[in-house]
Amino acid sequence: MITLYDTGAYLLNGSELVKADSEGEHTLKNKGIHITKVEAAKNTMAYDILEKHNTSGNMEQLKIKFDKLTSHDITFVGIIQTARASGLTEFPIPYVLTNCHNSLCAVGGTINEDDHMFGLSCAKKYGGVYVPPHQAVIHQYAREMLAECGAMILGSDSHTRYGALGTMAIGEGGGELAKQLLKRTYDVAKPGVVAIYLDGEVAKGVGPQDVALAIIGATFNCGYVKNKVMEFVGPGIDKLSADFRIGIDVMTTETTCLSSIWKTDDEIKRWYDVHYRPESYKEMKPGDVAYYDGVVYVNLSKIKPMIAMPFHPSNVYTIEDLNANLTDILCDVEKKALVSLDGKVDFTLKDKVRDGKLYVEQGIIAGCAGGGYENIVDAADILRGHNIGADEFTLSVYPASTPIYMELAKNGRLADLIGTGAVVKTAFCGPCFGAGDTPANNAFSIRHSTRNFPNREGSKIQNGQISSVALMDARSIAATAVNKGYLTSATDLDVEYTSPKYFFDRTIYENRVYNGVGKADRSVEIKFGPNIKDWPEMIALTDNLLLKVASVINDPVTTTDELIPSGETSSFRSNPLGLAEFTLSRKDPMYVGRAKAVQAVEKEREAGGCLCKTDDELHDIVHTIKEKYPDVKGKNLGYGSTIFAVKPGDGSAREQAASCQKVLGGWANIAKEYATKRYRSNLINWGMLPFVLEEDFEFAVDDYIFVPEIRSAIINKNEIIKAYVVNKGMKELALKLGDLTDDERDIILSGCLINYYKEN
């Protein structure tokens, strides 16, 4: 089904793969091809796009300027507030503000709609695009209205992926968008490029989520494409519709890659024509001889309907295998749940087995992954003539945009779905992050959406609640609905797929979307709701640093949802202090209190007081430090909290995962590695030190870590940063910060991105 090459490879004429070992070099010579790996690597689509957007003049260290930006209503307030505090006067490139995450305006009182009005007023003042609630989810609007072949788009959402449409898109934290708004650059080392070679043809009933989950399952745990660009090539692409390609592409985020790009053809040309943007299309393909750092070979013909069991998109099985081995697989899921849930609640899915079949209580087809036109019309074809029954099972469908919704109404598929008992709702991302359709306690939901992390669907482990999500394709969700909630593969049903043509109604956006690009009006007053607060003042990094461990997380991977929970907590996303109260609330409810206690002492120090005046334990720690470093004193010794996590930052691009720690007085993270570049970048942009500790050390909550001469170490670009775990003695540690650009060093030294721009 899927094979990972253990070497790099050459792609010849877009079709033939030649492994880059000694035999491969011999093969090239026999074909009369004389080219170095370095030169062949320049023939990838990714290299061409990056080179055209790089401003550094050095392709090893990129400084990228994007063509367009996009954000949604969990992130755009913080981004604009950061940029405003740093001197923003006008959006320099098209910036789209969508309102698809906090569309339920009843949640949080007036908070959500206040933020929407903030966004509209900023679009008018600074010259942006404002997409009202319920019109489109962020990524569908970007596909329909922003994507262009050869362009680059930066979005403050991790699933910013438009590679199937020829656009290299990257999801990052808000700080990176603020930099673009201030005409700065996105700085990154040249990424590796891995070929995703699609061969064969998918079977009837197999959908894009099935292909995506198979790829995620093969690549996530081994980090095969981590922080690399996935470049989709091969003859199998020609047999896939544009919607199908988009459905695979949006899920590439779950592999932890940096971005994605696909070859384009007449199918993509037709897609742009249908959306009245023919000028945005151009043919894109690799050069005649292109070199890739690795290859993921995908035989589409062997892909079967898949399911990602709780609690990660990489926990994949075929539905066929799950149904055949229910007991064994459910036992394995329970073992993994003990780690993911820390044993805080009893979790089992064995009670879902009825007469040897797995029963689920809920089906959801939604968002940027599931809400596409073809997914929904295929689901309607499967459901036509059936009903979902009158038991616990429910089915909700969320078209990804109002134009899709309109076409479903015009061609009758909307009526088909409603007639089965399904509920069809407006464009909304809520089910993807716990702000809509939260299942009952102990219920099991199957979803064509992006993630199934613990409690991401809205349950609250701290209240003893647990429900769980499995990811599946819309077609198999519909097949399960036909069988009244009993897990069923779409390939088990004989269905005639009608594939009705799609007609895009552009007047919907023309009538409702505010487009102020190039029309900034500085006279417009920004509308501030009572929940929109400025960032608190943050000080520069001190000469020396004392850290107190406020949380220890030994899970193999820690998601951003665990660092700052999604769902209803996001109502406070425009209030830094309010949102910070929820930091680690599901993973470590004591964290906030511990961090605040450290921060209170640090505030006294900043005000000129003594670091250890009222704390005997801290007094002893400082005394121990002074025995080795006598010049350390209150003015040059900062005090802050830190967390240790094995591999933090998988998942969302939300900068709040880092900023909430900083607001509570956090100064660093210590990790074995970081799950994604975007989380590490978020730490840096908030002035937090992204320490890596390669040696094994068992930290405990309330450990003290002293980092002497940290400012000097950063200025001097020290590879190893000496630190000590301080108790009655001092145990030396060797910390690393990894590669940092000069700007990133200055941001950390300044205390945060806002300070850095004020100083520059």
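The values are calculated or read from the model by the stated rules, or taken from the named source; none is laboratory data. For clarity, every value in this text was computed on a predicted model and none was experimentally measured. Every residue, glycine as well, gets a Cβ built from its backbone with ideal geometry; the counts of neighbours run over all protein chains shown.
Remarks
- Any hit, region 183-200, residues being buried (at least 23 other Cβ atoms within 10 Å of the Cβ), under 22 Å from Ser652 (Cα atoms) and of a type in the set (S, T, N, Q): no
- Residue that is farthest from Ser570 (Cα to Cα) [pool: residues in region 41-79 that are among the polar types (S, T, N, Q) and within 18 Å of the chain's Cα centre (by Cα)]: Thr70
- Helices (runs of 4 or more DSSP H) contained entirely in region 678-760, each with at least 3 residues that are within 25 Å of Val598 (Cα to Cα) and more than 29 Å from the chain's Cα centre (by Cα): 710-715
- Every residue from region 552-572 that is of a type in the set (Gly, Ala, Ser) and crowded, with 24+ Cβ neighbours inside 10 Å: Ser566, Ser570
- Residues in region 249-271 that are more than 27 Å from Asp187 (Cα to Cα) and surrounded by 22 or more Cβ atoms within 10 Å (Cβ to Cβ): Thr264, Ile268, Trp271.
- Verdict on Glu627 being touching a strand residue (DSSP E or B) at 6+ places or on another chain (Cβ under 8 Å) and assigned to a helix (DSSP H, G or I): no
- Residue check for Val333: crowded, with 18+ Cβ neighbours inside 10 Å, in a helix (DSSP H, G or I) and β-branched (Val, Ile, Thr): yes
- Strands (runs of 3 or more DSSP E) completely within region 1-75 that count 2 or more residues being closer than 23 Å to Gly175 by Cβ: 61-64, 68-71
- Options Glu176, Glu148; residue that is not in a helix (DSSP H, G or I) and not assigned by TED's automatic domain parsing to the domain that holds Leu471: Glu148
- Candidate set: region 519-562, residues that are outside any loop (DSSP other than H, G, I, E, B) and small (Gly, Ala, Ser); chosen: the one farthest from Val598 (Cα to Cα): Ser551
- Qualifying residue in region 595-609 (condition: closer than 17 Å to Gly665 by Cβ, buried (at least 21 other Cβ atoms within 10 Å of the Cβ), polar (S, T, N, Q) and touching a Leu at 6+ places or on another chain (Cβ under 9 Å)): no
- Of the set (1) over 27 Å from the mean Cα position of the chain (by Cα); (2) at pLDDT below 95; (3) not β-branched (Val, Ile, Thr), all apply to Leu322 but (2).
- Cβ separations smaller than 7 Å between residues 6+ apart or across chains give the following pairs from region 174-190 residues that are of a type in the set (A, V, I, L, M, F, W, C) to residues that are part of a helix (DSSP H, G or I) and crowded, with 24+ Cβ neighbours inside 10 Å: Leu177/Ile79; Ala178/Ile79; Ala178/Thr82; Ala178/Ala83; Ala178/Leu753; Leu181/Ala83; Leu182/Ala83.
- Checked against (1) crowded, with 17+ Cβ neighbours inside 10 Å; (2) in contact with a Phe, Trp or Tyr (Cβ under 8 Å, 6 or more places away or on another chain); (3) small (Gly, Ala, Ser), Gly87 passes all but a single condition, namely (1).
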